[in-house]
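**Student:** Attaching a single structure in structure tokens format; questions to follow.
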Amino acid sequence: MQYSEALEIIKDSQPTGFMVQFARVQIGVLYPDHFPEKHKGEELIKTEEEAWKIARKFAAVSWGKYINIHVVDSNFHPVNDYQTKMIKNR
């Protein structure tokens with residue numbers, strides 16, 4: 001098998017979609033977290049637009065408890081222009 005074929009198989013086996021990433025505030029310490037949990041088999045959010053909608057709803061009910069809320073792709077890379085869309089939530 002060629003290396004490029006193996007890479008294609010690996011790529012196809014990875015879930016695609018988006019997640020909401022944030023930091024939890026606990027006693028002055030920030031702990032990174034995200035949802036959905038792809039490593040536990042949860043289905044990822046299908047579109048970036050939907051992920052941002054969910055992020056805004058999450059932020060609205062969690063003021064100060066969860067901060068720096070933004071969207072990442074299935075490889076945990078922030079989406080384009082996330083810096084201007086990030087919800088500081090504090």
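**Student:** Within the range 49-72, can one find any residue that is modelled with pLDDT under 95 and within 11 Å of the chain's Cα centre (by Cα)?
**Tutor:** For the range 49-72, residues modelled with pLDDT under 95 and within 11 Å of the chain's Cα centre (by Cα): absent.
**Student:** How many of the residues in the range 60-84 are over 16 Å from Ile45 (Cα atoms), in contact (Cβ under 8 Å) with a residue 24 or more places away in the chain and hydroxyl-bearing (Ser, Thr, Tyr)?
**Tutor:** Residues meeting the conditions: 2.
**Student:** Suppose we filter Glu50, Glu43 for residues that are surrounded by fewer than 11 Cβ atoms within 10 Å (Cβ to Cβ) and out of contact with any strand residue (DSSP E or B) (no Cβ under 6 Å at 6 or more places or on another chain); which single one remains? Even if it seems obvious, please write down each step before you answer.
**Tutor:** Details: Glu50 fails: surrounded by fewer than 11 Cβ atoms within 10 Å (Cβ to Cβ).
Of the residues listed, the single one that is surrounded by fewer than 11 Cβ atoms within 10 Å (Cβ to Cβ) and out of contact with any strand residue (DSSP E or B) (no Cβ under 6 Å at 6 or more places or on another chain) is Glu43.
**Student:** Sticking with this one: Would you mind listing the strands (runs of 3 or more DSSP E) fully within the range 4-90 where at least 1 residues are touching a helix residue (DSSP H, G or I) at 6+ places or on another chain (Cβ under 6 Å)? Break it down into steps so the answer makes sense when it comes.
**Tutor:** Values: elements: 18-26, 29-35, 66-73.
Filter on the range 4-90 gives 18-26, 66-73.
The values are calculated or read from the model by the stated rules, or taken from the named source; none is laboratory data. Since the model is a prediction, treat every value here as computed from it, not as a measurement. Using ideal geometry, Cβ is built from the backbone for each residue, glycine included, and neighbour counts are taken over all protein chains shown.
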